[in-house]
Every structure is written in C-alpha cells, then in structure tokens.
C-alpha cells in the first residue's frame, strides 16, 4: 500500500507536491471563494428588501371585473418583517385593487394568494402587479399582465 501511495504522490505535478510553497496561493483562493459566496444570490437573499412577484393568473369575472392569483417570493419573511400586501395597478401607478397580508409566510415560499373582484376601467389593457414589504414598501420584481378580452 505504501508503495502505491508514494507512486501516486510522485506522479502529481510539482505544484501539488509542495503545499508549503503555495500557502499564500491557498489562502488567496480560499479568500476569493469566500468573497464569491458572500456576493452570491444565496447569501444576498437575507438582505433582500422587497418581495418579488413571480407569476400572475388573471380570471375575467364580468364587465370590467377581474380576479388575480398572485405568486409572491419573499424568502426573508419572519414574524417581525414580511411581505404584507400586493396590488394591481396601472403602469402610471393608479391602484385598482390591493390585498393586505396579515402574517408572514416564512414556511411557505413562494406563496400564492388571490385578489377578487378588482374593477379595472374599460380601455385598460394590462395591469402591473407588485408586492409590498412592511418595512420598505413597494418594490422588487413586478409582473405586467394583459387582461383577457381586452
């Protein structure tokens, strides 16, 4: 066994056989990997300020009325801070409907909730759906959806 291990060790490139010379290189690589991890989306999720709207389904419910099924992602949710609402609005910010969320969804990410009976004036062809963080307000990824039949 020892002969095989020595043979494999001797067959390695010189850079691998001399770890003492490359202590600084190893430290630099470890530091670089740590920085990449710190800047990665996984690490930054804890710092996310706004919830994101991931998907919206629209259901027509009569003249100028619509129901919305909205999927929201807020991976930072805790009982102390969470996504507390979402709204359907015009591109210029006129709000047609809003759903308030009364608790966190920390154990349900992403989550889908509905907004029923939203009246949107005739002539409006699409709405923008955006979610709100209870600390930072509205922001994050919004989704623009076309209204069926318009």
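Among the residues of the stretch 60-78, is there at least one that is in contact (Cβ under 8 Å) with a residue 40 or more places away in the chain, closer than 20 Å to residue 47 by Cβ and in a strand (DSSP E or B)? Yes.
Evaluated against (1) modelled with pLDDT of 95 or more; (2) more than 20 Å from residue 63 (Cβ to Cβ), residue 134 falls short on exactly one condition, (1).
Listed here are the residues, each with its yes/no results for (1) surrounded by 12 or more Cβ atoms within 10 Å (Cβ to Cβ); (2) assigned by TED's automatic domain parsing to the domain that holds residue 114; (3) modelled with pLDDT under 95.
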site	(1), (2), (3)
13	no, no, yes
16	no, no, yes
23	no, no, yes
28	no, no, yes
55	yes, yes, no
60	yes, yes, no
63	no, yes, yes
88	yes, yes, no
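Checking the stated criteria, residue 142 turns out to be modelled with pLDDT of 95 or more, under 19 Å from the mean Cα position of the chain (by Cα), closer than 14 Å to residue 55 by Cβ and assigned to a strand (DSSP E or B). Checked across the stretch 91-98, the condition of being within 18 Å of the chain's Cα centre (by Cα) and either exposed (fewer than 14 other Cβ atoms within 10 Å of the Cβ) or part of a strand (DSSP E or B) (or both) holds for no residue. In this structure, residue 138 qualifies as touching a strand residue (DSSP E or B) at 6+ places or on another chain (Cβ under 9 Å) and touching a residue at least 60 places away in the same chain (Cβ under 8 Å).
The values are calculated or read from the model by the stated rules, or taken from the named source; none is laboratory data. Just so you know, these numbers come straight off a predicted model, no measurement behind them. Counting neighbours? That spans all protein chains shown, and the Cβs are built from the backbone with ideal geometry, glycine included.
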